[in-house]
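S.K.: Before we start, here is the structure in question, set down as structure tokens.
Nothing in this text is a laboratory measurement; each read-out follows from the coordinates by a stated rule. Only a predicted model underlies this, so the values are computations on that prediction, with no experimental measurement involved. Cβ atoms come from the backbone with ideal geometry, glycine included; neighbour counts cover every protein chain shown.
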Amino acid sequence: MDLEIINKAQELFGDSYSIVEERANEYANATENRMVDVLNVLINIAQRRGPELVIGESNVRALINEEALHQLIK
């Protein structure tokens with residue numbers, strides 16, 4: 001399962017995967033979540049709103065909060 005998520009992220013984010021992985025890892029450590037779970041959330045956001053958004057946003061917390069807000073007002 002974890003390897004599937006990592007492979008999917010590598011495919012989706014391409015050359016920018018390492019940047020996204022580093023941000024996911026930092027956020028996971030700060031929030032006591034698993035990195036692969038954070039990465040999965042970022043994959044879902046990228047699939048709905050485009051990988052460029054996830055790659056371009058350095059603040060993972062803001063990105064996740066914004067996505068949660070979008071889901072609430074849909």
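S.K.: Normalising by the residue count of the chain, find the relative contact order in percent from Cα pairs under 8 Å and 6+ residues apart. Walk me through the numbers on the way to the answer.
M.R.: Working: 56 pairs, mean separation 21.1, N = 74.
It comes to 28 percent, rounded to a whole number.
S.K.: Next up: Using the per-residue mean of other Cβ atoms lying within 10 Å as a proxy for protection, in what order, highest first, do the peptides 15-23, 40-48, 65-73 fall?
M.R.: Working: 15-23: 15.6, 40-48: 17.9, 65-73: 10.8.
My ranking of the peptides, most packed first, is 40-48, 15-23, 65-73.
S.K.: Dipole size in debye (nearest 20) for the chain around its Cα centre, Lys and Arg Cβ +1, Asp and Glu Cβ -1?
M.R.: The dipole of the chain has a size of about 300 debye.
S.K.: Work out the charge dipole of the chain with +1 on the Cβ of Lys and Arg and -1 on the Cβ of Asp and Glu about the Cα centre, then indicate which of 40, 65, 18 is farthest towards its positive end.
M.R.: So the residue we want is 65.
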